[in-house]
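Here the structure comes first, spelled out in structure tokens, and everything after it is commentary.
The values are calculated or read from the model by the stated rules, or taken from the named source; none is laboratory data. Because the structure is predicted, anything quoted here is derived from the model rather than measured. Cβ placement follows ideal geometry from the backbone for every residue including glycine, while neighbour counts extend to all protein chains displayed.
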Amino acid sequence: MTLRFFCLLACQLLLVFACTQARAADVDITKAEIQATEEGYRLNTAFAFDLNHELQDAVQNGVKLHFTTEIEMTRPRWWWRDEKAVLARRTIGISYDVLTRQYIVASNGSVPQPFNTLDDALSLIRRPARWLIAPRDALKRGETYNVSLRMFMDRDFLSKPLQVNAINDSSWRLASNRKTFTYRAE
């Protein structure tokens with residue numbers, strides 16, 4: 001009887017774990033490639049996502065949403081831990097200005113760009129400009145690197161009351177699964 005109970009409990013726990021791991025991503029990474037340039041290595045990406053009704057209302061009521069893209073490049077080594085060659089983050093924020101009735105999109109250190117519609121503003125987040133992720137000497141030429149990329153709505157930038165709400169409300173979670181691929185440094 002006890003063995004049967006533990007087997008049933010183990011099966012239920014495995015089912016719950018499998019369901020939580022199989023959660024579909026809200027953001028799809030449709031394009032991810034690294035390009036070697038004279039300045040260094042640039043990331044060219046494209047994402048596919050839409051804001052749900054609650055997030056659209058939040059933006060239109062003055063809440064600034066931030067979207068963060070993270071990339072990590074590691075070089076595998078057989079004799080020690082993998083070498084972390086590149087770890088970079090870029091955050092893009094979107095807000096609505098009630099006075100001008102425009103959506104404002106701003107990235108770290110760039111000039112904010114105004115847009116008339118939410119869809120136009122989101123297009124800049126969905127297809128960001130090529131981003132310099134590493135200088136030319138950060139990667140060893142000819143070596144193969146494992147690349148891990150993800151994009152998510154960064155709730156850390158929200159005000160504290162909204163952070164509490166965002167933790168408990170699944171409609172405030174917008175993220176992609178990790179996309180992994182290999183890159184041979186040029």
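Below is a table of values for the structure above.
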{"quantity": "Residue that is surrounded by the fewest Cβ atoms within 10 Å (Cβ to Cβ), among those in region 86-100 that are of a type in the set (S, T, N, Q) and assigned to a strand (DSSP E or B)", "calculated": "Thr91"}
{"quantity": "All positions within region 75-100 that are over 18 Å from the mean Cα position of the chain (by Cα) and within 29 Å of Tyr145 (Cβ to Cβ)", "calculated": "Arg75, Pro76, Arg77, Trp78, Trp79, Trp80, Arg81, Asp82, Glu83, Lys84, Ala85"}
{"quantity": "Residue in region 169-186 that is surrounded by the most Cβ atoms within 10 Å (Cβ to Cβ), counting only those that are touching a strand residue (DSSP E or B) at 6+ places or on another chain (Cβ under 9 Å) and polar (S, T, N, Q)", "calculated": "Ser176"}
{"quantity": "Considering residues of region 51-74 that are in a strand (DSSP E or B) and not hydroxyl-bearing (Ser, Thr, Tyr) only, the residue surrounded by the fewest Cβ atoms within 10 Å (Cβ to Cβ)", "calculated": "Glu70"}
{"quantity": "Residue in region 27-46 that is surrounded by the most Cβ atoms within 10 Å (Cβ to Cβ), counting only those that are polar (S, T, N, Q) and part of a strand (DSSP E or B)", "calculated": "Thr45"}
{"quantity": "Test result for Lys140, within 27 Å of Arg42 (Cβ to Cβ) and not in a strand (DSSP E or B)", "calculated": "yes"}
{"quantity": "Qualifying residue in region 152-168 (condition: over 29 Å from Asn52 (Cβ atoms) and surrounded by fewer than 17 Cβ atoms within 10 Å (Cβ to Cβ))", "calculated": "no"}
{"quantity": "Count of region 102-126 residues which are out of contact with any Ser or Thr (no Cβ under 8 Å at 6 or more places or on another chain), touching a residue at least 12 places away in the same chain (Cβ under 8 Å), exposed (fewer than 14 other Cβ atoms within 10 Å of the Cβ) and more than 18 Å from Gln60 (Cβ to Cβ)", "calculated": "0"}
{"quantity": "Residue within region 18-37 that is in contact with an Asp or Glu (Cβ under 8 Å, 6 or more places away or on another chain) and at pLDDT below 95 present", "calculated": "yes"}
{"quantity": "Residue in region 101-120 that is farthest from the chain's Cα centre (by Cα), counting only those that are assigned to a strand (DSSP E or B) and farther than 29 Å from Ile34 by Cβ", "calculated": "Gln102"}
{"quantity": "Any pair with Cβ under 6 angstrom, 6 or more apart, that starts in region 26-48 at a residue that is on the phi > 0 side of the Ramachandran plot and ends at one that is among the hydrophobic types (A, V, I, L, M, F, W, C) and part of a strand (DSSP E or B)", "calculated": "Gly40/Leu132; Gly40/Ala134"}
{"quantity": "Residue count for region 139-150, restricted to those that are exposed (fewer than 14 other Cβ atoms within 10 Å of the Cβ) and not polar (S, T, N, Q)", "calculated": "4"}
